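First comes the structure, then the notes that go with it.
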Amino acid sequence: MTAFGTDLIGLALEEDIGPGDVTTEIFAGTPSMARARIVARQDCVFSGGEVAREVWKRVSPAIRILSVQPEGTLLVSGESAMEVEGPAASLLSAERVALNFLQRLSGVATLTRQYVEAIRGTPAKILDTRKTTPGLRALEKAAVRAGGGTNHRMGLHDMVMVKDNHLAAVGGIPGLQPAIDEAKRRGLRVEIEVDTIVQLNEVLALRGVDVVLLDNMSPDLLRQAVELRKPGVAFEASGGITLENIAAVAATGVDFISVGALTHSAVCVDLALDFVPYSR
C-alpha cells in the first residue's frame, strides 16, 4: 500500500504506535491469544478489507484473518465485517490504525452507494474526482468502485482535461486543436470543460474530443447541451451536485456525473472492534 514511494501503512503505524504501545505493554503484555470482530454500528457499505488485512500482518504475522467481507458488501448494524485472532497485545496495538482505514474507506463507499442509488434506472454513471485525501487517492478510488461508482482519471498523468484556466492560457477553445492532436498522438483521452452553449459548439467543432465537461449548468441548460450531442463525444455534468438534485441532472441524458463529495465530504462510518470468547 504505497503512493509515490510512501508506505501508507507504515506511516500510519509509526504515527500511532511510535516506539511502542505503552498501555498494552503494561496492562496486556502477558502473552495470550484472543479473537476479535470488527462490527458495523450502522448500516454501511464495506471497503478497505485488504488494507486492514495488511495492517494486522504488519503488527504481527501471528495474527490470522478468520473472515473478511468482500468489497462493496452492504452491512447492517451489528453485522461483522472482519474476524481476526492472534496475540491479544498485537490485536490491541493494531486496532486503531485498522479501524481508521476501514471507517474512512467504508464511509466513501457508503456515500457513493447513496449517489448510485439516487440515479438508478438512468444510463448515467457516477464519477469521482481528484478531491481526495492526500496520499489516500488509490484507496479512496477503490472505495468509490466498491460503492458502485466509476473512477475518473487517477491524476494529472493519465488523461488530458482542459479547464477554464487552461483555456485562458492558450487563448480560448479555437486554439486547442494542435494540443488535442498531440494528446491523441500519445494515446490520451481528451476532456474539455465548458460552461456555456457557445463554448460547447466551439468544442464540438474540434477533432479528437472524447468528453465534454458541462460545468455548473442547470438541468434546462444540460438538456439543451445534450440535444447537440455529437457521435463519439460523451457529456459529463459537474458542479453543485448533491443527493437532492442528482436525479434531475441524470434525467437530462448526460453520460456521466462527477461528484467531488464522494471523497471530500464522506463521513467515516461507525465500526468497532469487539473481543469475543476465544477457545482452541
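Taking the residues in segment 63-91 that are within 17 Å of S32 (Cβ to Cβ) and out of contact with any Asp or Glu (no Cβ under 9 Å at 6 or more places or on another chain) as candidates, determine which candidate is surrounded by the most Cβ atoms within 10 Å (Cβ to Cβ). Applying the filter and picking the extreme gives V84. Set side by side, the residues A118, A94, A109 differ, and just one is open to solvent by 30 Å² or more (accessible area, probe 1.4 Å) and in contact with a helix residue (DSSP H, G or I) (Cβ under 7 Å, 6 or more places away or on another chain), which is A118.
Being over 30 Å from L92 (Cα atoms), touching a Phe, Trp or Tyr at 6+ places or on another chain (Cβ under 9 Å), open to solvent by 20 Å² or more (accessible area, probe 1.4 Å) and not hydroxyl-bearing (S, T, Y) is a property that F235 lacks.
All conditions but one from (1) open to solvent by 60 Å² or more (accessible area, probe 1.4 Å); (2) in contact (Cβ under 8 Å) with a residue 60 or more places away in the chain; (3) in contact with a strand residue (DSSP E or B) (Cβ under 8 Å, 6 or more places away or on another chain) apply to I246; the one that does not is (1).
The number of residues in segment 155-174 that are open to solvent by less than 80 Å² (accessible area, probe 1.4 Å) and within 25 Å of the chain's Cα centre (by Cα) comes to 7. For segment 261-280, residues that are outside any loop (DSSP other than H, G, I, E, B) and closer than 24 Å to S90 by Cα total 6.
Once segment 202-227 is narrowed to residues that are without any contact (Cβ under 8 Å) to a residue 24 or more places away in the chain and of a type in the set (A, V, I, L, M, F, W, C), the residue that is least open to solvent (accessible area, probe 1.4 Å) is M217.
Of everything in segment 17-41 that is open to solvent by less than 90 Å² (accessible area, probe 1.4 Å), in a loop (DSSP other than H, G, I, E, B) and touching a residue at least 40 places away in the same chain (Cβ under 8 Å), the residue that is nearest to L99 (Cα to Cα) is D21.
For segment 175-192, a tally of residues being open to solvent by less than 40 Å² (accessible area, probe 1.4 Å), more than 17 Å from D164 (Cβ to Cβ) and modelled with pLDDT under 95 returns 1. Determine, yes or no, whether I26 is over 30 Å from H157 (Cα atoms) and among the β-branched types (V, I, T). For I26, the condition - over 30 Å from H157 (Cα atoms) and among the β-branched types (V, I, T) - is met. Among the residues in segment 257-266, are any more than 19 Å from T122 (Cα to Cα), over 22 Å from the mean Cα position of the chain (by Cα) and surrounded by fewer than 21 Cβ atoms within 10 Å (Cβ to Cβ)? No, there is no match, as no residue in segment 257-266 is more than 19 Å from T122 (Cα to Cα), over 22 Å from the mean Cα position of the chain (by Cα) and surrounded by fewer than 21 Cβ atoms within 10 Å (Cβ to Cβ).
The set of residues in segment 75-96 that are of a type outside the set (G, A, S) and farther than 16 Å from A62 by Cβ comprises L75, V76, E79, M82, R96.
Within segment 130-148, restricting attention to residues that are over 8 Å from the mean Cα position of the chain (by Cα) and open to solvent by less than 30 Å² (accessible area, probe 1.4 Å), the residue that is farthest from L262 (Cα to Cα) is A146.
Yes/no matrix, rows are residues, columns are (1) closer than 23 Å to T129 by Cα; (2) at pLDDT below 95:
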{"residue": "N151", "(1), (2)": "yes, no"}
{"residue": "M161", "(1), (2)": "yes, no"}
{"residue": "H166", "(1), (2)": "yes, yes"}
{"residue": "V194", "(1), (2)": "yes, no"}
{"residue": "L200", "(1), (2)": "yes, no"}
{"residue": "V212", "(1), (2)": "yes, no"}
{"residue": "M217", "(1), (2)": "yes, no"}
{"residue": "K230", "(1), (2)": "no, yes"}
{"residue": "A234", "(1), (2)": "yes, no"}
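The values are calculated or read from the model by the stated rules, or taken from the named source; none is laboratory data. Keep in mind it's a predicted model, so treat the numbers as computed, not measured. Note: ideal-geometry Cβ built from the backbone for every residue, glycine included; neighbour counts use all protein chains shown. The area values use the complete protein model at the heavy-atom level, side chains included, leaving out ligands, DNA and RNA. Shrake-Rupley method; radii C 1.70, N 1.55, O 1.52, S 1.80 Å.
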